[in-house]
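Please read the structure below before turning to the comments.
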Amino acid sequence: QVRLVESGGGLVQAGGSLRLACVPAGNIFSPYLMAWYRQAPGKERELVAIISSSDITTYADSVRGRFTVSRDNARNTVNLQMNSLKPEDTAVYYCKLVKLGVDYWGKGTLVTVSS
């Protein structure tokens, strides 16, 4: 069983920064593909960033150059550094881990960017 816990969300002004963290707990012994998604009110969940098991990163066009996903193996954590935040970045951010073809999701953390 895999459990994911996100943290770091909050309220920030446009142009500010936040750093989200995702900590997997449970039967985790290797780096796995992990991803950040977000869902804004009234919209579908969308992919934000991916970090592969070999730490190759991919970003949505809307966040490329502003967001950075990274893995901290010592702390068994995947982070999402978000800079130059915009009001349209307001959403619940979810962490996903893919293990043996199965998707595991966290419960999300709310990011609100005020204009």
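Among the residues making up the range 30-42, those that are over 12 Å from the mean Cα position of the chain (by Cα) and either open to solvent by 70 Å² or more (accessible area, probe 1.4 Å) or at pLDDT 95 or above (or both) are ALA40, PRO41, GLY42. When SER54 is tested against (1) at pLDDT below 95; (2) farther than 10 Å from VAL78 by Cα; (3) open to solvent by less than 60 Å² (accessible area, probe 1.4 Å), only condition (3) is not met. Scanning the range 76-104 for residues that are closer than 14 Å to LEU20 by Cβ and either over 16 Å from the mean Cα position of the chain (by Cα) or part of a strand (DSSP E or B) (or both) yields a total of 12.
Could you pull out the residue among ALA25, ALA74, ALA49, ALA35 that is in contact with a Ser or Thr (Cβ under 8 Å, 6 or more places away or on another chain) and either under 26 Å from GLU88 (Cα atoms) or without any contact (Cβ under 8 Å) to a residue 24 or more places away in the chain (or both)? Steps first, please.
Details: ALA25 fails: in contact with a Ser or Thr (Cβ under 8 Å, 6 or more places away or on another chain); ALA74 fails: in contact with a Ser or Thr (Cβ under 8 Å, 6 or more places away or on another chain); ALA35 fails: in contact with a Ser or Thr (Cβ under 8 Å, 6 or more places away or on another chain).
The match here is ALA49.
Taken over the range 74-110, the criterion of being open to solvent by 30 Å² or more (accessible area, probe 1.4 Å), closer than 14 Å to GLN39 by Cα and of a type in the set (Phe, Trp, Tyr) is satisfied by TYR94, TRP105. Candidates ARG71, ARG45: the one that is open to solvent by 40 Å² or more (accessible area, probe 1.4 Å), closer than 13 Å to ALA21 by Cα and either in contact with an Asp or Glu (Cβ under 7 Å, 6 or more places away or on another chain) or not aromatic (Phe, Trp, Tyr) (or both) is ARG71.
Would you say GLN13 is open to solvent by 70 Å² or more (accessible area, probe 1.4 Å) and either in contact with a strand residue (DSSP E or B) (Cβ under 7 Å, 6 or more places away or on another chain) or modelled with pLDDT under 95 (or both)? Here the answer is yes, as GLN13 does meet what is asked.
The values are calculated or read from the model by the stated rules, or taken from the named source; none is laboratory data. It should be emphasised that the depicted structure is a prediction, and the values quoted were computed from it without experimental measurement. We place every Cβ from the backbone using ideal geometry, glycine too, and count neighbours over all the protein chains shown. Note: areas computed on protein heavy atoms with side chains; ligands, DNA, RNA excluded. Shrake-Rupley method; radii C 1.70, N 1.55, O 1.52, S 1.80 Å.
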